[in-house]
Amino acid sequence: MAGSVRVKINNKGAVALLKSQAVLDELEARALRMEEAIPPGNGTFTATGWIGKDRTGGRAMAMVKTMDTEARRAQAVDNVLTRAIDAGRG
């Protein structure tokens, strides 16, 4: 039988990773894939990414946002953003 294994997380390294340009680029690519997966005729959506401020600890974030009433209606009625989540994975 093998003994127990202890894992110690490098906190500074984890924080640096969450704030890195590589993570931001990956999140932006995923948001863009989600935006592209929304069928045409459902309004205007836009994918954006940014590095957060103090409240978020400065980590990388991304989102797909509705830009007009038609897009908000499509999300409310048909859940077009929710259906596009799988496109953002992988």
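The values are calculated or read from the model by the stated rules, or taken from the named source; none is laboratory data. Here the structure is a predicted model, which means the values were calculated and not measured. Reconstructed Cβ throughout: ideal geometry from the backbone, glycine too, with neighbour counts over all protein chains shown. Just the protein is used for accessible areas: all its heavy atoms, side chains included, with ligands, DNA and RNA removed. Shrake-Rupley method; radii C 1.70, N 1.55, O 1.52, S 1.80 Å.
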Averaged per residue, what accessible area in Å² does the chain show with a 1.4 Å probe, protein chains only? 76 Å²
Would you work out the charge dipole size for the chain about its Cα centre, treating the Cβ of every Lys and Arg as +1 and the Cβ of every Asp and Glu as -1, and quote it to the nearest 20 debye? 620 debye
Counting other C-beta atoms within 10 Å, and keeping those with at most 14, which DSSP coil trypsin sites (Lys or Arg not before Pro) do you find in the stretch 36-90? LYS53, ARG89
Which of ASN11, ASN42, ASN79 ends up with the largest GNM mean-square fluctuation for the chain, with Cα atoms connected below 10 Å? ASN11
State the percentage of accessible surface on the chain attributable to carbon and sulfur atoms; use a 1.4 Å probe and exclude ligands, DNA and RNA. 55 percent
Restricted to Cα positions, what overall size does the stretch 27-78 have along the principal axes? Three whole-Å values, descending. 36, 20, 14
Given GLN21, VAL5, ALA31, which one lies farthest toward the positive end of the charge dipole of the chain, if we put +1 on the Cβ of every Lys and Arg and -1 on the Cβ of every Asp and Glu? VAL5
Under a GNM of the chain (C-alpha, springs under 10 Å), which listed residue has the highest mean-square fluctuation: VAL15, VAL77, VAL23? VAL77
Would you look at the GNM of the chain, springs on alpha carbons closer than 10 Å, and say which of ASP68, ASP54, ASP25 moves the most? ASP54
Whole-Å semi-axes of the chain's equivalent ellipsoid, largest first, each the root of 5 times a Cα gyration tensor eigenvalue? 34, 17, 11
